Amino acid sequence: MRWFGWIACVILLLGCEAQTDAPPTFERAPSLAPSATVLPIISPEPSDSFTGRSDPTSAALAAEGEPDQAVTVAAQATDTFIPLTIFATDGTRLYADYFGAPSPPAITILFIHSDTGLTPEHDQFVRRLQQGGYNVMQLHLRGYGQSSGLIDWSQLENDIAQTIATLTSLPTVTQFGIWVEGRSTIGAIQVCSQLTDCSFVGVTHPLPDDDRASLGDAALALNSRPLFVGTMADRTISAATAEILSDQALNGNLNLNFDYDNAFDTVLVWLDTTFSTEN
């Protein structure tokens with residue numbers, strides 16, 4: 001009987017251990033599988049030069065696994081001009097800035113700088129013409145500004161003519177004229193005189209050019225097209241050149257007190273009067 005009691009106790013103890021509660025198990029909440037990582041397409045241009053681009057990196061989005069962060073968005077001013085590329089007859093890339101008039105359609109002016117290149121005065125002059133209601137294309141001659149190639153004044157007329165061909169292909173251009181400075185004067189006048197749709201020429205601080213037609217011949221070739229010539233009386237060579245051009249032109253207007261800072265209103269009045277008379 002004693003052995004039977006011991007066996008019964010062992011069986012009882014083993015049964016108690018078998019009924020001990022198992023440790024609790026925890027299941028993770030269901031979750032979506034991670035999405036595939038997509039590399040952003042990054043533009044080669046500086047990201048600060050465009051507004052509204054679709055570029056996650058430029059937009060400063062949070063990386064995968066990082067918390068979203070508030071991003072300060074600053075609106076950028078819209079540029080007042082459109083960059084254009086013109087191919088010269090020899091393949092040289094010429095650069096131009098096209099300043100569209102606030103209220104199209106409008107008369108278009110092709111602005112051509114001298115051998116000093118484009119200056120802040122020119123930029124201000126062009127922008128004020130735009131504000132005055134005109135389209136303006138500002139050409140960088142070859143070798144200047146952002147245009148490629150070397151400076152070559154023998155290509156001046158060809159480059160102006162090719163630029164005008166591009167200009168007149170734009171749907172916003174219905175009527176145009178040329179505004180020119182310094183050494184580019186005679187070449188620009190010659191190109192305009194050969195084009196029936198070139199309406200006028202404006203010249204500031206003109207200079208003679210022994211490699212081209214004489215001043216008198218160039219002015220006469222314009223026939224009845226209006227010609228504005230402006231410079232300062234103390235610029236001896238420019239003043240003498242301006243007087244010859246104005247005297248020989250059939251429809252010349254001379255201003256010997258012209259300066260970009262103080263004569264802009266004079267230019268606008270001349271342009272407005274010229275085209276109101278023609279129309």
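The values are calculated or read from the model by the stated rules, or taken from the named source; none is laboratory data. Here the structure is a predicted model, which means the values were calculated and not measured. Heads up, the Cβs are rebuilt from the backbone with ideal geometry, glycines too, and the neighbour counts pull from every protein chain shown.
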### Query
If we scan region 150-164, do we find a residue that is under 15 Å from PRO83 (Cβ atoms), in a loop (DSSP other than H, G, I, E, B) and modelled with pLDDT of 90 or more?
no
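Every residue, every condition in (1) in contact (Cβ under 8 Å) with a residue 40 or more places away in the chain; (2) surrounded by 13 or more Cβ atoms within 10 Å (Cβ to Cβ), yes or no:
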| position | (1), (2) |
| --- | --- |
| ALA221 | no, yes |
| ARG235 | no, yes |
| ALA239 | no, yes |
| GLN248 | no, yes |
| LEU254 | no, yes |
| ASN257 | no, no |
| THR266 | no, yes |
| THR274 | yes, yes |
## Note on the structure
For region 240-264 the number of residues that are more than 20 Å from THR119 (Cβ to Cβ) and part of a helix (DSSP H, G or I) is 7
### Message
Would you confirm, using the coordinates I've provided, whether ALA239 is aliphatic (A, V, I, L, M) and over 18 Å from GLU121 (Cα atoms)?
### Response
yes
## Note on the structure
If you go through LEU118, LEU110, LEU139, LEU167, the only one that is modelled with pLDDT under 95, in contact with a Phe, Trp or Tyr (Cβ under 9 Å, 6 or more places away or on another chain) and under 24 Å from ASP259 (Cα atoms) is LEU118
